[in-house]
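One structure is given here, and the rest of the page talks about it.
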Amino acid sequence: MNQPFNILIAGVGGQGSLVAGNVLAQAAAISGHRVIIGQIFGASRRGGSVFTHIRIWRKDVGPLIPKEQVDIILGLEPLETLRAAHELAGKKTRVIMSTTEVPTLDTLAGTLEYPATNAILEILEELCELVIAVNPTDTLKKLSASQDLNIYMIGVLSATQDVPFEEGSLEQGICKVVGQPDRSLKVFNKAFDRYSQ
Amino acid sequence: MTDSGKAIQLMSGNEAFARGALEAGVKFCASYPGTPSTEITATLMRWAEVHGLHVEWSTNEKVALEACTGASWAGIPALCPMKSLGLNVAADFLLNLNLSGTGDGGLVIVVCDDPRGHSSSNEQDSRFYAKAASLPLFEPATSQQAKDMVGHAIKLSQRYKIPVIIRSTTRLSHSKALVKLGPINQGKWKARSIPSDLYNVPDPHLRHRDLLNKLEMIREEFESDPFNSMVRNEINDLLIISTGIGQMYVQEALSIAGLEGVATLGLGTTYPLPKELVMKALSKVDHVLFVEEVDPFVEEQVRAILEGINLRIYGKFDGTIPAYGEINTDTILNALMKMGRIWVTDEGDEIRERAARLLIPRPLTFCPGCSHRNVYWAIRKVRQRLGGRLSVIGDIGCYSLGVFYDHAMDTMQAMGSGIGIAGGLGQLSEFGFEDKIIAVAGDSTFFHACIPGLINAKHKGSDVTFMILDNGTTAMTGFQGHPGSCSQSNLMTQVSIEGIVKAIQPDELVRADSQDIPRLVDLIHTNVKKRGLKVLILEGVCALERRRAGHVIDSLHRITINSDSCIGEKCRICASQFGCPAIAWNNDTKKPYIIDHLCTRCRACIGVCPQSAIIEERLE
C-alpha cells in the first residue's frame, strides 16, 4: 500500500457500526498494519447516523478519511450509505450496501418518504466505482442472528474485495470483539461462501 | 489488562489516558461524567480494585477537582478528567488552586473539548483556562501521546507543585489507535499530613509572582520537550505550526497535495509557548500557517512575539481556517488552496447535488419506552390548556432532546441553570410577567448544580413548578451511578432527592409515576396553576438502562392498535405527534401500527390515543 486503505462504515445507532469497526481494526492489527478507528459515540448518537472510519496503513494517520479518499463504504443501511457517499465518496470508492431500511422518525410518521432503493443505487453508481447491493434479512433470520448484520457485511466485504487482511485475521478479530463468536462466525462464513462464487 | 512493556493494544484516546495514569502511578481519580471524557474514569474504575486505586464519580467537576487536590496535598498522585464545560464549573477553585499549589502527589487535569459540539451545547476551547490560571498545557496528537503525556505531566506537576492540564478533543478521545504499553507503576503511596500555608492571603499578588516564575522555568523546559517536533524540509518559504490532532491532518494534507517538503512544527506543549523554538522555526520562512482547534490560541501567542518581524501569517485571524467547528484534512487542503499552494477542480458536483436532494434527515429522538417523552407530551397538553402561556426552562441531560420534541423545552444552557433562570422569571410578576414557569432537570443534574437554585427560589418566594425527572441514573453519558441511585456499591450511601427537597420546604412536593400520561397531564396542570414553589419528582425508567441490566421484555403481552376504533388519517396523533420510534404509519392501510420488536411494553401510548384504539393484548 502506498497510501492508506480507507473503509467507511455507515449505519444507524444500534446497528453495530462500532463493533464492525473494531473487528476490522483488530484484523488489520493482526495482519501487521498500523490502524486507526475514527468514531464518535455517546447519547447524542442514539438512533442517529453513525459513520465509523477505519484507516489502515504502514504508519499512523489521523482518524478521519479525507473527501474522495474512501476505498470501501460498508453500508449497513441505504439512506446512511447515501449520506456517507454524498459526503466522502470518490471515483475509487466501492460500495457494499445492505438494502434493509431503518425508518426515520419522519418516515415512521408518514410525513417524509424514505427514498426509493433504486434511486439511491442509481446515484451511488454514478458517484462510485462499484456498487454491490445485498439483502441479508432472510439469511440472518434463518440463522437467528438479526444482530449480526454488521458481521454479515464484513463477510461480503472479504469475499468480494481485495482487502489488506491476512487469511484468518477477520475471524480472529470477530472472536476478540463480539459477544457470541460462534453465531457471528457462522454468519461471517455464510456471507463469505455465498459471495465468493 | 496486560502489564507487559512490549504489548501493543488498540485503545481510544480516553483508554490511553487511563492507561497512562496507571503507568504513572496515579492512585486517586475523581470525576463527573461528560461526553467526550467519560471513558477515562470509567476505564480506571474497572481497574481500581486490582491496582488499588480510588476512583469515584463525584457530584460535579468542582467537587471532583477539590477531592483530587486533597489527595495531591496528602501525597497521592491524582487525575481529574472532565469535559470542556466541566472546567467552567471547576474554574472558581482552579483559579485559586493555581496560586496555592498542589502537593507532592501531583495533579493532572484532562479536559476533553468537543469542537463542533457533537455532544455539547457549545464548542468552547478550554485552553484559555491554562492562560487564565497560568498553568502548563499539553495537547496530544495520538492515543500513544495521550498515554505518554499523563506520566510526563504528573512528573511536571510533582516537581513544580502546580496542576498541569492536558487538553483532548472528541476525535482523539473517541478514536482508537495502536498504543505501545509501558509497565504499570507498582509503587505504594502512603498518605501524609497536608503541607502548611495552603492559602493565598494576605498576599495573593506574591503568590501570582511565584507562579509566573515557575511558568518561566517550565517555558524553558518546553523549549526541548520531546512532544514538540520540528521537521524542516526542502520547501523553505512556508512553515505550518499545528497542535494536537491537527498535526496528523497536516501531514496527510501535505501528502495528498504533494507538498511533503513543507516545513512543519508540531506543538505538544502549547502553554507556556516555547518561544525560542517557535522563533527559530520561523527564522527561515516568509509564510506561516496555523492549524489548531477551535480558537487561534497558539496563533495569538505567536503574533504577540512577532512584533516587527515581516511574515505573512495565515490562520484564524485572516479566515484561512475557520475559527469555528472541527477541522480535518480537507480544512487544511482548503487552506492551501486559498493560499495558492494547490489548485483543485471540483468534479461530480452535479451528482452530489442530486444525492443531497434525495437525502432526508435522521433526527435524534427519545428511545422507545423512554419516560421523558411522556413528560414532554404532558407538558405539551398543559401548554395547550394554558393557551400557550407557559415557559419551560430546560437543563442538561437526555431530556434536553425536549428542544427537538415540538419545542417542548424552551431553553437549555448549563448544568443546573434551569431552576436558576426559572427562579428569576418566577419573581417578575411585579413587572407584569404572566406566563407560568416550569423548570425541568434530571436526577444527576439535580445533585450536580440544582440545589442552590432551588433554595434561592424557595427563599425568594419564586412562583415556579420544578420537575425532577428521576430515572435513577446518569443516562446521557452511559448509566453512571449518582448519590440518588437505588443501588450503591462500595459502602456508598444513598442520598434521597426527596429528603433534600423536603428540607427546603417547598409549598408543594409530589412524587408521581411518569408512565401514566393522563394523570401526569392533570398533575402538572393543577400544580402549575397554584402559586408558590411546587416540586414534582417524576419517577421514570430508562429503557436502555433496563435492557443493559438484563431486563427482559414482557412476552406475555403485546401492544396493538385496534383498526376498527382507530380513525386513521383524521387523527394521526400517535404516529405523527407522540413520536415513539415503535409506532409506524402504514401507507397502504392509512393506519398506524406498533413495531413489536421495538416496543418495550411501557404502555404510555395507550393514554395518548383519543379513540382508545391502542390496547394491551394478553398472548395465549
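In table form, for the structure just shown:
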read-out	value
Tally, over segment B:523-551, of residues that are of a type outside the set (D, E, K, R), open to solvent by 10 Å² or more (accessible area, probe 1.4 Å) and under 31 Å from the mean Cα position of the chain (by Cα)	8
Test for B:S157: is it surrounded by 24 or more Cβ atoms within 10 Å (Cβ to Cβ), more than 20 Å from B:E223 (Cβ to Cβ), among the hydroxyl-bearing types (S, T, Y) and not assigned by TED's automatic domain parsing to the domain that holds B:V294	no
Selection count where residues are open to solvent by 10 Å² or more (accessible area, probe 1.4 Å), closer than 18 Å to A:C128 by Cα and facing chain B (nearest Cβ under 7 Å), scope segment A:35-91	3
Members of segment B:452-469 found to be among the charged types (D, E, K, R) and assigned to a helix (DSSP H, G or I), listed by number	B:K458
Per-region count, segment B:410-451, residues assigned to a strand (DSSP E or B) and surrounded by fewer than 18 Cβ atoms within 10 Å (Cβ to Cβ)	1
Selection count, segment B:142-155, where residues are under 12 Å from B:G268 (Cα atoms) and either over 22 Å from the mean Cα position of the chain (by Cα) or not in a loop (DSSP other than H, G, I, E, B) (or both)	6
Residue list for segment A:119-140, restricted to those being away from chain B (no Cβ under 12 Å) and within 30 Å of B:S576 (Cβ to Cβ)	A:N135, A:T137
Options A:Y152, A:Y195; residue that is open to solvent by 30 Å² or more (accessible area, probe 1.4 Å), part of a helix (DSSP H, G or I) and modelled with pLDDT of 95 or more	A:Y195
Among the residues listed as B:L277, B:L267, the single one being open to solvent by 10 Å² or more (accessible area, probe 1.4 Å) and either closer than 22 Å to B:N233 by Cβ or in the same structural domain as B:L212 (by TED's automatic domain parsing) (or both)	B:L277
Output for segment A:92-118, where each listed residue is more than 7 Å from chain B (Cβ to nearest Cβ), open to solvent by less than 10 Å² (accessible area, probe 1.4 Å) and not β-branched (V, I, T)	A:M97, A:S98
Of the criteria (1) crowded, with 17+ Cβ neighbours inside 10 Å; (2) modelled with pLDDT under 90; (3) farther than 30 Å from B:D507 by Cβ, which one B:I606 fails	(2)
Residue that is in contact with a Pro (Cβ under 7 Å, 6 or more places away or on another chain), outside any helix (DSSP H, G or I), within 14 Å of another protein chain (Cβ to nearest Cβ) and not hydroxyl-bearing (S, T, Y), where the choices are B:E293, B:E260, B:E252	B:E293
Unique residue being under 21 Å from the mean Cα position of the chain (by Cα), open to solvent by 10 Å² or more (accessible area, probe 1.4 Å), in contact (Cβ under 8 Å) with a residue 40 or more places away in the chain and within 14 Å of chain A (Cβ to nearest Cβ) when the list is B:A7, B:A42	B:A42
Inter-residue pairs, beta-carbon under 9 Å, first in a helix (DSSP H, G or I) and in segment B:299-324, second exposed (fewer than 13 other Cβ atoms within 10 Å of the Cβ) and modelled with pLDDT of 95 or more, 6+ apart	none
Residue that is touching a Cys at 6+ places or on another chain (Cβ under 6 Å) and either over 20 Å from B:S126 (Cα atoms) or of a type outside the set (A, V, I, L, M, F, W, C) (or both), where the choices are B:K83, B:K62	B:K83
Lone unmet requirement of (1) touching a residue at least 12 places away in the same chain (Cβ under 8 Å); (2) farther than 26 Å from B:K180 by Cβ; (3) within 14 Å of chain A (Cβ to nearest Cβ) for B:G117	(1)
Segment B:157-200, subset among the charged types (D, E, K, R) and either away from every other protein chain (no Cβ under 14 Å) or in a loop (DSSP other than H, G, I, E, B) (or both), residue nearest to A:R55 (Cα to Cα)	B:R167
Qualifying residue in segment B:351-365 (condition: more than 13 Å from every other protein chain (Cβ to nearest Cβ), surrounded by 14 or more Cβ atoms within 10 Å (Cβ to Cβ), among the charged types (D, E, K, R) and in contact with a helix residue (DSSP H, G or I) (Cβ under 8 Å, 6 or more places away or on another chain))	no
Only listed residue being open to solvent by less than 10 Å² (accessible area, probe 1.4 Å), in contact with a Cys (Cβ under 6 Å, 6 or more places away or on another chain) and under 20 Å from A:N22 (Cα atoms), chosen from B:S173, B:S168	B:S173
Hits in segment B:497-507 (condition: in contact (Cβ under 8 Å) with a residue 12 or more places away in the chain and loosely packed, with under 14 Cβ neighbours inside 10 Å)	B:Q505
Of the criteria (1) under 30 Å from B:N587 (Cβ atoms); (2) open to solvent by 30 Å² or more (accessible area, probe 1.4 Å); (3) within 10 Å of chain B (Cβ to nearest Cβ); (4) in contact (Cβ under 8 Å) with a residue 40 or more places away in the chain, which one A:Q147 fails	(3)
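The values are calculated or read from the model by the stated rules, or taken from the named source; none is laboratory data. The model shown is predicted, which means the values in this text are computed figures rather than measured ones. Here the Cβ is made from the backbone with ideal geometry for all residues, glycine too, and neighbour counts use every protein chain on show. The area values use the complete protein model at the heavy-atom level, side chains included, leaving out ligands, DNA and RNA. Shrake-Rupley method; radii C 1.70, N 1.55, O 1.52, S 1.80 Å.
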